[in-house]
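Taking it in order: structure first as structure tokens, then the write-up.
The values are calculated or read from the model by the stated rules, or taken from the named source; none is laboratory data. In this text the structure is predicted, and so the values were computed from the model without any measurement. For neighbour counting, all protein chains shown are included, and Cβ atoms are generated from backbone atoms with ideal geometry for every residue, glycine included. Keep in mind that these areas ignore ligands, DNA and RNA; they rest on the heavy atoms of the full protein, side chains included. Shrake-Rupley method; radii C 1.70, N 1.55, O 1.52, S 1.80 Å.
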Amino acid sequence: MRPIAVVVEHDAGGIIPVTHELLACARILADQTQSSIVAVIPGKGDPAMAKQIADLGIETVDLAIIGMDGYNSEAYKGALFQLFTTLAPLYIIVGHTATGRDFAPGLGVRLGGGSIAGVNHIVSDQTGPLFSRPVLNGVKNALVRPDASPCIIMVQPGAFRVQGTSFACPARVTAMDIRFTGGTIQPLGIKTVTTQGEDLDQAAVIVAAGRGLGERENLDILERFAALFPNSVVGASRPLVDDGWIEYRFQVGITGARVSPKLYIACGISGSSQHLAGILGSELIVSVNSDPNAAIFNHSDLCIVADLFEFISAFERILQRHP
Amino acid sequence: MKILVCIKQVNETPDGHTQAMNRFDEYALEEALCIKERFKEAGLDGGVDVITLGPEGAETVVKRAFGMGADNGCHLVSDPKQNGSSAVTAGLIAGAVKGCAYDLVVTGIMSQDRMEGQTGPILAELMGLACATGVVATSLVPGAAVIEVEREMEKGERDCLAMTLPALITVQAGINSPRYPSLSKVLKAAKKTIKTLAVEAVPADTQTLVRLEAPLKSRSGRVLGGTVDDKAVALFDLLRERGIL
């Protein structure tokens, strides 16, 4: 029986939470295909980390890549290629993260298989599992059937819910060494660029701007709108930060801050999966967008289809009447 | 320094009436042009070629790339009905540039329409190149055989590495400010020829699109009705009720 392999994500601080989302995805697939799950930890060899996963009842391979110092895509691809050639997994579950995106597509080619990016849902079909991924800026999901094996499933962070852990018998840990003798990539270390997100973390209300804002000057209108709420701050989706309209520390999404305010008001934000993954922890999500098909509406409590600026003026008028 | 940049034409509007160069590819092209200029300043040769895969009409993005400063352009003409995955796109590009000894290949981090981010890393594997994705800074000493890059990680961290050339990088948005096509270059571009190649053998795809469906809702998604004032009142009432206002 071919297993389902999960590539564990970790950093200096240990296992990264997205790993548990990968395991949740693997459990769904394992149920549908009657397969077992094997977790693989590519790294320096870390028995404590391996035990943490094995204690969840998941067989674990503690894969020490000798000669690798820190993450290195060449080393990952080389070592995982060797391991998976023997293990012959049916599916390989990887995070659609900065690390997963870096090594998984190439690994898929090397294994003679394929890879599906940004998977947010799995549908059971007579022909086997179909994998859903966003297209058309999140307005639709494409259901995709893998035609090559093994298939690497790159899981969208935030898409699979972690179930509460029930009691499980600790599973076996297998320690393994693979030597890496590449040399085209030299790691130079990790550097921290910004202490981001403090304002976003502390705010009760985040008013977030997207491309629907149109002009940079319109940020003033949004600032004024945000000022109507106590303990509020203006955040932004990635494109506005890329264009230099707003500082990086106000960016919300996978590559920015994951936020959990009392109220999140998305203004002119279409709702790309990168952005959505950063806002799902909000208590109340209100979205204002002129496009009734905007993907953000699928993840909102309250949907306001309107011209953003007309809506803000109307809201200001109401507030003036009820101070 | 011979650089290849992969560019794509995408629909800017859902109806397909407005088409443009994929926003992320503009950053890729700008980065390549900056590297070329650094080499020129150091008295070394540099050239930037662009390649696009797309139906007839997609050569518009090659013309725009000429206007920005690309030296040569190639259009791989695909069947408009063909809608292959990144694996097919990368396979076709790898086939078309076989034998061209590029020192560096640059792509955008992803396309706006498919948002997969796979064409670059798959192309690197097919071309046998070292690869770094999500690059937010590059530095290379003209003449040296190494490129240093910083990859954007989560939580505001950057993964720094040095790669021996030839290599492929996929460039994250925000790495630079893409230039607008200059008038003089646009005029010169009109005289340039775009190398046109017909797609003959399409490699087998690794996946099939079965159907499109509406995304699942993760929240109730109550749509407010009425006039814009009604909607504002409804939001105001809810926020008062919740004690937020």
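Taking region B:1-19 as the region of interest, how many residues are closer than 17 Å to B:Gly69 by Cα and at pLDDT below 95? First the steps, then the outcome.
Applying the first criterion (closer than 17 Å to B:Gly69 by Cα) to region B:1-19 yields B:1-8.
Among the residues that remain, those that are also at pLDDT below 95 are: B:1.
Within region B:1-19, residues that are closer than 17 Å to B:Gly69 by Cα and at pLDDT below 95 number 1.
Pull up region A:39-84, narrow it to residues that are in contact with an Asp or Glu (Cβ under 7 Å, 6 or more places away or on another chain) and not in a strand (DSSP E or B), then point me to the one that is farthest from A:Gln163 (Cα to Cα).
If we take residues in region A:39-84 being in contact with an Asp or Glu (Cβ under 7 Å, 6 or more places away or on another chain) and not in a strand (DSSP E or B), then A:Ser73 is farthest from A:Gln163 (Cα to Cα).
Mind counting the residues in region A:229-243 that are crowded, with 18+ Cβ neighbours inside 10 Å, of a type outside the set (Lys, Arg) and within 13 Å of chain B (Cβ to nearest Cβ)?
Within region A:229-243, residues that are crowded, with 18+ Cβ neighbours inside 10 Å, of a type outside the set (Lys, Arg) and within 13 Å of chain B (Cβ to nearest Cβ) number 8.
Which residue pairs have Cβ atoms under 6 Å apart, sit 6 or more places apart or on different chains, and have a first residue in region B:59-88 that is more than 14 Å from chain A (Cβ to nearest Cβ) and part of a helix (DSSP H, G or I) and a second that is open to solvent by 50 Å² or more (accessible area, probe 1.4 Å) and among the charged types (D, E, K, R)?
B:Phe66/B:Lys192; B:Gly67/B:Lys185; B:Met68/B:Arg179
If you scan region B:115-143, which residues turn out to be assigned to a strand (DSSP E or B), among the small types (Gly, Ala, Ser) and over 21 Å from A:Thr97 (Cβ atoms)?
At the first step, the residues of region B:115-143 found to be assigned to a strand (DSSP E or B) are B:130-139.
Retained after the next criterion (residues that are among the small types (Gly, Ala, Ser)): B:130, B:132, B:134, B:137, B:139.
B:Ser139, the sole residue that qualifies.
From the list A:Thr192, A:Thr181, pick out the single residue that is over 23 Å from the mean Cα position of the chain (by Cα) and of a type in the set (Ser, Thr, Tyr).
When all the criteria are applied, what remains is A:Thr181.
Give me the residue from region A:286-296 that is surrounded by fewer than 24 Cβ atoms within 10 Å (Cβ to Cβ) and within 10 Å of another protein chain (Cβ to nearest Cβ) and, out of that set, nearest to A:Arg249 (Cα to Cα).
Narrowing region A:286-296 to residues surrounded by fewer than 24 Cβ atoms within 10 Å (Cβ to Cβ): A:286, A:290-293.
Adding the requirement that they be within 10 Å of another protein chain (Cβ to nearest Cβ) leaves A:286, A:291-293.
On the way: A:Val286: 22, A:Asp291: 28, A:Pro292: 30, A:Asn293: 29 Å.
So the residue we want is A:Val286.
Just checking, which of A:Ile93, A:Ile122 is surrounded by 24 or more Cβ atoms within 10 Å (Cβ to Cβ), touching a strand residue (DSSP E or B) at 6+ places or on another chain (Cβ under 7 Å) and more than 7 Å from chain B (Cβ to nearest Cβ)?
A:Ile93
Output the number of the condition that A:Leu276 fails; it satisfies all remaining conditions of (1) under 22 Å from B:Asp229 (Cα atoms); (2) surrounded by 24 or more Cβ atoms within 10 Å (Cβ to Cβ); (3) at the interface with chain B (Cβ under 10 Å from one of its Cβ atoms).
The number of the failed condition is (1).
When region A:160-190 is examined, which residues are found to be within 14 Å of chain B (Cβ to nearest Cβ) and under 25 Å from A:Ile58 (Cα atoms)?
If the condition is that a residue be within 14 Å of chain B (Cβ to nearest Cβ) and under 25 Å from A:Ile58 (Cα atoms), then A:Phe160, A:Arg161 are the ones that fit.
Looking only at residues that are within 12 Å of chain B (Cβ to nearest Cβ), open to solvent by 80 Å² or more (accessible area, probe 1.4 Å) and outside any strand (DSSP E or B) in region A:191-214, which one is modelled with the lowest pLDDT?
Checked region A:191-214; the qualifying residue modelled with the lowest pLDDT is A:Thr195.
Checking the structure you have, find out if any residue of region B:103-114 is assigned to a helix (DSSP H, G or I), acidic (Asp, Glu), facing another protein chain (nearest Cβ under 10 Å) and touching a strand residue (DSSP E or B) at 6+ places or on another chain (Cβ under 8 Å).
To start, the set of residues in region B:103-114 that are assigned to a helix (DSSP H, G or I) comprises none.
So far as region B:103-114 goes, no, none of its residues is assigned to a helix (DSSP H, G or I), acidic (Asp, Glu), facing another protein chain (nearest Cβ under 10 Å) and touching a strand residue (DSSP E or B) at 6+ places or on another chain (Cβ under 8 Å).
Filtering region A:96-112 down to residues that are open to solvent by less than 10 Å² (accessible area, probe 1.4 Å) and in a helix (DSSP H, G or I), which residue is farthest from the other protein chains (Cβ to nearest Cβ)?
Checking each candidate, the answer is A:Gly100.
For region B:123-138: of the residues being open to solvent by 10 Å² or more (accessible area, probe 1.4 Å) and facing chain A (nearest Cβ under 8 Å), which is farthest from B:Asp159 (Cα to Cα)?
Kept after step one, since they are open to solvent by 10 Å² or more (accessible area, probe 1.4 Å), are these residues of region B:123-138: B:125-129, B:136-138.
Cutting the leftovers down to facing chain A (nearest Cβ under 8 Å) gives us B:125-126.
Values: B:Glu125: 20, B:Leu126: 24 Å.
Going through the qualifying residues, I end up with B:Leu126.
For region A:160-172, does any single residue satisfy the condition of being crowded, with 22+ Cβ neighbours inside 10 Å, in the same structural domain as A:Ser36 (by TED's automatic domain parsing), under 27 Å from A:Ala30 (Cα atoms) and among the aliphatic types (A, V, I, L, M)? Before the answer, list the steps.
The first filter runs over region A:160-172 and keeps only residues crowded, with 22+ Cβ neighbours inside 10 Å, leaving A:160.
Restricting the remaining residues to those that are in the same structural domain as A:Ser36 (by TED's automatic domain parsing) gives A:160.
Okay, now just the ones that are also under 27 Å from A:Ala30 (Cα atoms), so A:160.
Next, from what is left, pick out any that are among the aliphatic types (A, V, I, L, M): none.
Within region A:160-172, not a single residue is crowded, with 22+ Cβ neighbours inside 10 Å, in the same structural domain as A:Ser36 (by TED's automatic domain parsing), under 27 Å from A:Ala30 (Cα atoms) and among the aliphatic types (A, V, I, L, M).
Per-residue answers, yes or no, for (1) at pLDDT below 95; (2) within 30 Å of B:Glu56 (Cβ to Cβ); (3) open to solvent by 50 Å² or more (accessible area, probe 1.4 Å):
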{"position": "B:Ile93", "(1), (2), (3)": "no, yes, no"}
{"position": "B:Val105", "(1), (2), (3)": "no, yes, no"}
{"position": "B:Arg114", "(1), (2), (3)": "yes, yes, yes"}
{"position": "B:Thr119", "(1), (2), (3)": "no, yes, no"}
{"position": "B:Pro142", "(1), (2), (3)": "yes, no, no"}
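Inspect region A:55-70 for any residue being open to solvent by 10 Å² or more (accessible area, probe 1.4 Å), at positive phi and within 14 Å of chain B (Cβ to nearest Cβ) and give the result as yes or no.
yes
Evaluate region B:46-57: report whether one residue or more is free of Cβ contacts under 8 Å to residues at least 60 places away in the same chain, hydroxyl-bearing (Ser, Thr, Tyr) and open to solvent by less than 10 Å² (accessible area, probe 1.4 Å). Before the answer, list the steps.
Step one: of region B:46-57, the residues free of Cβ contacts under 8 Å to residues at least 60 places away in the same chain are B:46-52, B:54-57.
From what is left, the residues that are hydroxyl-bearing (Ser, Thr, Tyr) are B:52.
Within this subset, residues satisfying the condition of being open to solvent by less than 10 Å² (accessible area, probe 1.4 Å) are B:52.
The answer is yes; a qualifying residue exists.
Mind listing whichever residues of region B:220-234 are at the interface with chain A (Cβ under 7 Å from one of its Cβ atoms) and in a helix (DSSP H, G or I)? Don't jump to the end; show me each part of the working.
The initial filter retains those residues of region B:220-234 that are at the interface with chain A (Cβ under 7 Å from one of its Cβ atoms), namely B:220-224, B:228-229, B:231-233.
Result: B:Val228, B:Asp229, B:Lys231, B:Ala232, B:Val233.
Taking region B:144-166 as the region of interest, how many residues are more than 7 Å from chain A (Cβ to nearest Cβ), open to solvent by less than 40 Å² (accessible area, probe 1.4 Å) and assigned to a strand (DSSP E or B)?
3
Among the polar types (S, T, N, Q), surrounded by 23 or more Cβ atoms within 10 Å (Cβ to Cβ) and over 23 Å from A:Lys140 (Cα atoms) - does that describe any residue in region A:215-225? Show your work before the answer.
Looking only at region A:215-225, we keep the residues that are among the polar types (S, T, N, Q), and these are A:218.
Checking which are surrounded by 23 or more Cβ atoms within 10 Å (Cβ to Cβ) leaves us with none.
No, region A:215-225 has no match at all.
Hey, among the residues in region A:259-273 that are touching a residue at least 40 places away in the same chain (Cβ under 8 Å) and farther than 23 Å from A:Leu136 by Cα, which one's most open to solvent (accessible area, probe 1.4 Å)? Please lay out each step first, then the result.
Of region A:259-273, the ones touching a residue at least 40 places away in the same chain (Cβ under 8 Å) are A:259, A:261-273.
Right, trim to farther than 23 Å from A:Leu136 by Cα and you get A:259, A:261-264.
Working: A:Val259: 6, A:Pro261: 5, A:Lys262: 102, A:Leu263: 0, A:Tyr264: 0 Å².
So, considering only residues that are touching a residue at least 40 places away in the same chain (Cβ under 8 Å) and farther than 23 Å from A:Leu136 by Cα, the one most open to solvent (accessible area, probe 1.4 Å) is A:Lys262.
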